[in-house]
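Notes follow the structure.
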Amino acid sequence: MNAVFLVLCLALAWVNAEDAFEVPSLETISQEEVSGHKFQAEINQLMSLFVNSLYSNRDIFVRELVSNAADALDKIRYISLTDPASLGETPELSIRIKINPENRLIHIRDTGIGMTKDDMVNNLGSIAKSGTKEFVKKIEAGAEDLTQIGQFGVGFYSSFLVSEKVTVTSKNNADDQYIWESTMDESTAFSVAKDPRGNTLGRGTLITLHIRDDALEYLNVDNLRTLVQRYNQFLTFPIYIWESHEETVEVEEPVKEEKAEVEKAEVEKTKDGLEVEEKEKRRKRKKRRKWHKRSLRLLLYVF
């Protein structure tokens, strides 16, 4: 019962945190404050393969990004065992996914350990693990059974299988909030800048995928939900997904007093001779498309 109540409280709190999904743009930041960087040579080769879709199993980007988010949550949870204050004002350890079909965006947000500026440059610009060249050779040879792309340390770059631009916003306890960005057009380079909005995340990382023309099927919430459940069912952190739907609601329209008095004096009948049920108030039904508390659906949770 307590666990269910906790999940409900977290869900309601996250519903009101839509600003955590806002997408910053480096174009609005003075170029003097933006630092440009070049990818490591092996990443350039890998990015070329991903950008040109030479690796056709594009579904794996969901598994890799969600798995990376879970790793970040594991790290802050481990630190908090000896330093509870490290959780600060963001004690919940969760993953949220939100699709914005109108702007062709997919957001994946975690409250994990986050990254400093140096972490962004080092972790998202170079490959720490060995075996990358072997991975690239297998892709070039047409191998499709490369299900463990993450073991090569290149899981993050699978985001370019479906994205024309990737924006990463991250906040680590030891640094300010920073933005990392790279595009298909400039696939050999990336940029990093301090977020001019300040700390909007509290702690953790927000990855925003700007979806390509040939990957629009991933903007369907049902398709994405299926992939999350297929690939990430054994994670020990809750995964939430935003959903919106149309519902019919009743809206009361109060009638002005003078109009109500006139209506009382009139014979209120329809053309068929049926009495009109409403006198002092009129009720109308209309369709609304809106976000509400139930829109934040819990996909997976292991207690």
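Any read-out appearing in this document is the output of simple, stated calculations on the displayed coordinates, not a laboratory observation. Please read all numbers here as calculations on a predicted model, not as lab measurements. Methodologically, a virtual Cβ is constructed for each residue, glycine included, from the backbone with ideal geometry; neighbour enumeration extends over all protein chains shown.
Tabulated data
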| read-out | value |
| --- | --- |
| Full-stretch length increase - D213, N44 - with 0.36 nm per residue and alpha-carbon distance subtracted | 58.6 nm |
| Sites D118 and N223, calculated FRET efficiency, Cβ-Cβ separation with R0 41 Å, nearest 0.05 | 0.70 |
| Kirkwood Rh, Cα atoms: Rg over Rh of the range 153-209 | 0.99 |
| Förster radius 30 Å - calculated FRET efficiency between T236 and E89 (Cβ-Cβ, nearest 0.05) | 0.85 |
| Additional length obtainable on full extension of the chain from D71 to T188, 0.36 nm per residue less Cα span | 39.5 nm |
| Student exercise, the range 155-218 dipole from Lys, Arg, Asp, Glu Cβ charges, in Debye to nearest 20 | 380 debye |
| Cα-Cα over 27 Å, subset of K38/K165; K38/K98; K75/K117 | K38/K98 |
